[in-house]
Amino acid sequence: MEEDPFSNSDDPSDFHRDPDSLFFDRDRHICFLEMMYQLLPAPYQDQDINRLTLAYFVVSGLHILRAIDRVDKEVVIDWVLSLQALPKNAGNLEKGQFYGFHGSRSSQFQSNSNRPSEQTQILNGSHLASTYCALAILKIVGYNLSLIDSESLLKSMKNLQQPDGCYMPIHTGAEKDLRFVFCAAAICSMLKNWSGMDREKAKEYILSCQSYDGGFGLIPGSESHGGATYCAVASLQLMGFIEEGLMSTNSTCHNVNVPLLLNWSLQRQALDGGFQGRINKPADTCYAFWVGGVLRILGADKFINENALREFLLTCQSEYGGFSKFPRLLPDLYHSYYGFCAFSLLKESGLNSLCVELGISDIAAIGL
């Protein structure tokens, strides 16, 4: 998003908001998400292929804000289900393709000309991240996931797992890293069926991504990163490799160096109260969830300076509703959603509690 044109400073930390506005403006945030639900703004139109992910931010955000009644659940269900890729014949999975969900209507079609009449349907362009978002949305609006063709989905997803335990997000020609291990783990967890994953192989890949400083990189040998560390820890939690009471009873967890991990994570809270994603980077709204969520899963969130974090987040709260990446910028949907998640972790009144490892509310996670 563009910077606020009325700002007079280039320093994200050089910002002071009117004291009267230093509260979590739930009603304005609901209006912001309702606007996003009704119409995809122009700045997002080049991201149409990720429309399902954008919808996840909106629908899950409204649920966290206790405003899920603002969406038509049946319309949402019908739209999400229309994006599922299904085999032509039940049980016949062609050429190792993945039968998950497409990211948008446009990703279901390709064109060899400029004429819509000559568009042809793509056999399969479904993606792990889109599938995670689709299932999360369906859980949030109360759809019974047992009605999904989970056999085709999980059997084909197993083919995406690589010999080293990592996952590709689509059936051919894609990168692979911890993001897609998390997506696969979340999908199996939501479907209550782990046939789509070799958990031991996935665990070994995750362990190989822990860096010398305790954080996790997206791939083995890469720099520790808040988002990658969340994907690693949340995946281990979903797969059942993080035991309750870990903080008080163990110094390692299935060969994860927990003291180093905690040290790295706690050091990500910056002097301005926000969390940074990497060392020597400015604090950023989304890492209040990515790193704060890691600390919650590990039972170490009591060490967060919550007052300082709250103050930082409120400087990123927009007068238009939503949150920005840094103070003084316009809000965007991604940082808004993780701002709402962060305030849920901070136990803001009027918000639903968060199932951190799935990235949706507790109510949606347990299926109420």
For this session: Scan segment 347-362 for residues that are among the acidic types (D, E) and in a loop (DSSP other than H, G, I, E, B) and report the count.
Result: 2
For this session: Filter segment 53-84 down to residues that are part of a helix (DSSP H, G or I) and under 17 Å from G359 (Cα atoms), then give me how many there are.
Result: 13
For this session: List every residue pair whose Cβ atoms sit under 6 Å apart, with the two residues 6 or more apart in sequence or on different chains, where the first one lies in segment 338-366 and is on the phi < 0 side of the Ramachandran plot and in contact (Cβ under 8 Å) with a residue 12 or more places away in the chain and the second, anywhere, is surrounded by fewer than 17 Cβ atoms within 10 Å (Cβ to Cβ) and part of a helix (DSSP H, G or I).
Result: L346/E306
Seminar exercise, completed: Checked pairs for segment 225-245, first without any contact (Cβ under 8 Å) to a residue 60 or more places away in the chain, second charged (D, E, K, R) and not in a helix (DSSP H, G or I), C-beta under 7 Å and 6 or more apart or across chains, list as H225/R278
For this session: Taking the options S361, S349, S336, S344, name whichever one is over 16 Å from the mean Cα position of the chain (by Cα) and either under 29 Å from L135 (Cβ atoms) or surrounded by fewer than 24 Cβ atoms within 10 Å (Cβ to Cβ) (or both).
Result: S349
For this session: Report the residue count in segment 259-281 for those that are in a helix (DSSP H, G or I) and over 17 Å from I304 (Cβ atoms).
Result: 2
For this session: Determine whether L295 is surrounded by 20 or more Cβ atoms within 10 Å (Cβ to Cβ) and either of a type outside the set (S, T, N, Q) or on the phi > 0 side of the Ramachandran plot (or both).
Result: yes
Seminar exercise, completed: Within segment 296-318, residues assigned to a helix (DSSP H, G or I), farther than 14 Å from Y338 by Cβ and touching a Leu at 6+ places or on another chain (Cβ under 7 Å) come out as D301, F303, E306, R310, L314
For this session: Sort out which residues of segment 304-327 are touching a Phe, Trp or Tyr at 6+ places or on another chain (Cβ under 6 Å) and buried (at least 21 other Cβ atoms within 10 Å of the Cβ), and write them in order of number.
Result: T315, C316, Q317, G322, P327
For this session: Check segment 118-135 and report whether any residue there is crowded, with 16+ Cβ neighbours inside 10 Å, more than 30 Å from G217 (Cα to Cα) and modelled with pLDDT of 95 or more.
Result: no
Problem set entry | Which numbered condition E175 fails, given (1) part of a helix (DSSP H, G or I); (2) over 22 Å from A136 (Cα atoms) | (1)
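Determine whether segment 237-247 contains at least one residue that is of a type in the set (V, I, T), at pLDDT below 95 and out of contact with any Leu (no Cβ under 8 Å at 6 or more places or on another chain).
no
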Exercise. Taking only pairs six or more apart or across chains, which ones have beta-carbon atoms under 6 Å, a first residue in segment 55-72 that is within 16 Å of G103 (Cβ to Cβ), and a second residue that is surrounded by fewer than 24 Cβ atoms within 10 Å (Cβ to Cβ) and hydroxyl-bearing (S, T, Y)?
Worked result: V58/Y37
Exercise. Do we have any residue at all in segment 45-58 that's modelled with pLDDT under 95 and surrounded by fewer than 14 Cβ atoms within 10 Å (Cβ to Cβ)?
Worked result: yes
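The values are calculated or read from the model by the stated rules, or taken from the named source; none is laboratory data. Computed from a predicted model, the values in this text were never measured in an experiment. Because the Cβ atoms are built from the backbone with ideal geometry, glycine has one as well, and the counts that use them run over all protein chains shown.
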